[in-house]
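To start, the structure under review is shown below, and the notes come after it.
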Amino acid sequence: MATIKDIAKLAGVSIAAVSRVLNYDTSLSVTDETRRRIFEAAEELHYKPPKQRNKKVKKKLKIGIIHWYSQKEELDDPYYLSIRKGIEKECFSKNIETMTIFKNDNRYITDELNDLDGVIAIGKFSNDDIEEFLMYSRNIVFVDFSPNEKIYDSVVIDFRKAVLEVLEYLLNCGHSKVGFIGGREYVGKKMKPIEDEREKTYREFVQTRKLFDPKNIYIGNFTAEDGYKLMKKAIKTGQLPTAFFIASDSMAIGAMKALYESNIKVPEDVSIIGFNDIPTSKYLTPSLTTVKVHTEFMGGTAVNLLLERINGNREIPKKVVIPCELVIRESCRSI
């Protein structure tokens, strides 16, 4: 590394002259030629002042986004795609590098998760999964899942409050017979089922009001295909409820197709309310009444929680609950 002494020798001047010229000492009386030789010598020797030499280059943060869905599953259910896009958008605005890993046959590609500053996990995970994530980073934020709010940061929505708002709305519209179409999800190698808060809240609500009928509950996967199949099954009973609360918009789209094929009109014959408010929901015919979930905002919030951990060394965990809102469109009416 070049020194002032090296520059003085190359330029043929004193060390004091070099120091005062490089520090822009206006009281120094030297010719323009001498100044030129000093600056040229400094440039030739790649000289850096002590302040620049001691300045640490800020390391670019690298965050791992671990997705419990495969890429195909994500395309079938845009809910999680929107969360991931929210994370990536926030990281891009903050110049943070991201590495996204999708589920692949219940295994995660570990060799791509080196040197991470933190991890954002989208979806539901088993205890074994979480133990593995801790090997990559102790800084973890979960989105749409809160495995242990006393240990981990998480960003979730209040499913219970949102479902109660939907069911109260349907009841106020005169629908005393409300069906439910939902999905079941599993985690871990043993495929442990996860309790769905939407189904749980629905059951509690109709039981409390003495409206419960197990024949009005249909459970499959959170896909348009299963929404279609389950509604077909309901139609075959010949005793359709006057309204259905459907746990995802993707399932609702499939269910509406089944009703259309059977010449059952929405909302004249059956009212439909979905959940998530995916982009296509408002372009259906009729447009879908649904619960709007601020998925991109959830992703951005997760990034900011993680930065608090990384930059501020926060140790106390946070659980952030994002509110939802019922969006009234054309697929639901009063009777």
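May I ask which residue of Pro78, Leu10, Met256 lies farthest towards the positive end of the charge dipole of the chain, with charges of +1 (Lys, Arg) and -1 (Asp, Glu) on Cβ and the Cα centre as origin?
Among Pro78, Leu10, Met256, the one farthest towards the positive end of the dipole of the chain is Leu10.
Counting Lys and Arg as +1 and Asp and Glu as -1, each charge on the Cβ, what is the dipole of the chain about the Cα centre in debye, to the nearest 20?
520
Restricting the count to DSSP beta bridges whose residues both fall in the chain, what percent are antiparallel, rounded to a multiple of 5? Walk me through the intermediate numbers first.
Working: 7 of 42 bridges.
About 15 percent, rounded to the nearest 5.
Using the Kirkwood radius over C-alpha pairs as Rh, can you work out the diffusion coefficient of the chain via Stokes-Einstein at 20 °C, viscosity 1.002 mPa s, in µm² per second?
My calculation gives 91 µm²/s for D.
How much area per residue is accessible in the range 140-235 when the probe is 1.4 Å and only protein heavy atoms are counted (Å²)?
51
For the range 204-276, report the convex hull volume of the alpha-carbon atoms normalised per residue, in Å³, without decimals.
89
What does a probe at Glu97 reach in the range 305-326, counting residues whose amide N is under 19 Å from the point 7 Å along Cα→Cβ?
307, 310-311
Take the solvent-accessible surface of the protein heavy atoms, probe 1.4 Å, and return the percent of it on the chain that carbon and sulfur atoms account for. Before the final figure, lay out the partial values.
On the way: 9230 of 18360 Å².
Exposed carbon and sulfur together represent 50 percent of the surface.
Quick check for you: with a 1.4 Å probe and neighbouring chains kept, what is the accessible area per residue of the range 259-335, in Å²?
Counting only protein heavy atoms, the per-residue value for the range 259-335 is 51 Å².
Which one of Tyr283, Ser154, Gly188 is farthest out on the positive end of the charge dipole of the chain, using unit charges on Cβ (Lys, Arg +1; Asp, Glu -1) and the Cα centre as origin?
Ser154
Might you tell me the accessible area per residue for the range 4-54, computed with a 1.4 Å probe and given in Å²?
Working: 3750 Å² over 51 residues.
Averaged over the residues of the range 4-54, the accessible area is 74 Å².
Rg to Rh for the range 159-293: what is it, with Cα atoms only and Rh by Kirkwood?
Taking Rg over the Kirkwood Rh, I get 0.95.
When the C-alpha atoms of the range 228-269 are aligned to their principal axes, what extent does each axis show, in angstrom, from largest down?
Taking max minus min along each principal axis of the Cα atoms, the range 228-269 gives 23, 20, 17 Å.
Suppose every K and R has +1 on its Cβ and every D and E has -1 on its Cβ; what is the size of the dipole of the range 137-201 about the Cα centre, in Debye to the nearest 20?
340
Treat every Asp and Glu Cβ in the range 260-326 as -1 and every Lys and Arg Cβ as +1, leave all other atoms uncharged, and give the resulting dipole magnitude about the Cα centre to the nearest 20 debye. Intermediate results must be reported in sequence, preceding the final value.
Details: 7 positive and 8 negative charges, 73 e Å.
Approximately 340 debye in magnitude.
The values are calculated or read from the model by the stated rules, or taken from the named source; none is laboratory data. If you're wondering where the values come from, they're calculated on a predicted model, not measured in any experiment. Cβ coordinates were reconstructed from backbone atoms using ideal geometry, including for glycine residues, and neighbour counts include every protein chain displayed. Calculation scope for accessible area: heavy atoms of the full protein, side chains included, ligands and nucleic acids excluded. Shrake-Rupley method; radii C 1.70, N 1.55, O 1.52, S 1.80 Å.
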